[in-house]
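Data block below; observations after.
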Amino acid sequence: MGFEDSVLVSRSVLGRLPGTTVYRNVKQYPEAYTYNGIVIVRIDAPIYFANISYIKDRLREYEVVVDSYTRRGPEVERINFVIIEMA
């Protein structure tokens, strides 16, 4: 793994599977839904000095980009919360 590979971190938006408390990648599980105003992001790598700027920039994109996944809850105009899952 080279320097560029360690900086360009894979990440996924997670949604809740209906009828469960399980969250999965919304691209792999189209039935998973998200909540208006909240985005849950899984980061698939350790965070350290070489990739923190890249991660921060990607997370800031979620503040302005509204996706097309099934959403629940009251309508809101922007993302209010970004939850980072790092397990």
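Test Ala32 against the criterion of being surrounded by 11 or more Cβ atoms within 10 Å (Cβ to Cβ) and either of a type outside the set (D, E, K, R) or modelled with pLDDT of 75 or more (or both), and give yes or no. Taking the combined requirement at face value, the residue satisfies it. Scanning the stretch 8-51 for residues that are assigned to a strand (DSSP E or B), under 14 Å from Ala87 (Cβ atoms) and out of contact with any Ser or Thr (no Cβ under 6 Å at 6 or more places or on another chain) turns up Arg11, Ser12, Leu14, Tyr23, Arg24, Ile40, Val41, Ile43.
The values are calculated or read from the model by the stated rules, or taken from the named source; none is laboratory data. All values derive from a computational prediction rather than experimental measurement. Note that we place each Cβ from the backbone using ideal geometry, even for glycine, and neighbour counts take in every protein chain shown.
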